[in-house]
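Each value in this text was obtained by applying a stated rule to the coordinates, not by laboratory testing. Keep in mind that this is a model prediction, so the values were computed, not measured. Counting neighbours? That spans all protein chains shown, and the Cβs are built from the backbone with ideal geometry, glycine included.
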Amino acid sequence: MPHVLFPTHVAVRELDLSKIESLDSDPEHRPKAELNYTPIPDDDFLERLTVAFNKHRSAPSMMLELNCDRIRFIGGLPRGFAAFAAPPKPGRNTDRYIFGHHESENAGFKYDKPFRSLTSFVPHVFWIIVDQIVQGNFPRGCLCDVCAVDNRKERKDL
């Protein structure tokens, strides 16, 4: 039986990521102005994140740990994070990016990688839920694509 993070099972667990106080994020990590990205309203983004989270390939195991059948994100994005849409390209879906990761060029790191999709952001969101929302949980390292790249941890000034 997996470790259950919430004692009561619910069909839909509503979580407000904006209520997190201790998250280490970079509110200055945003797209360069010349890229002409447009901000995505939180409500629209949370709706898309909810769908992506519930359809993610790891959803069955995440839902077991979260003791629910589905997740619904309400409120807002985690403090310091923001979602942006790239200018549309003919014949393609709109690219969406999530900025605010604490290991940005702004913070002195060598690489500046936004989350390139909702799917790539889901593992980071799960880590935020596990490490930041659930009280008394044992800390785990984040395994998302942005956090897991070892060579990114080299600072520019070293």
Working out 0.36 nm times the residue gap between residue 64 and residue 16, then minus their Cα-Cα distance, what length gain in nm do you get to one decimal? 15.4 nm
If each residue of separation counts as 0.36 nm, what is the full-extension length gain between residue 148 and residue 72 once their alpha-carbon separation is subtracted? 24.8 nm
How do the peptides 84-97, 42-55 rank, highest first, by the average count of neighbouring beta carbon atoms within 10 Å per residue? 42-55, 84-97
Under a crude label model (7 Å from the Cα following the beta-carbon direction), how far is residue 6 from residue 44 in nanometres? 2.8
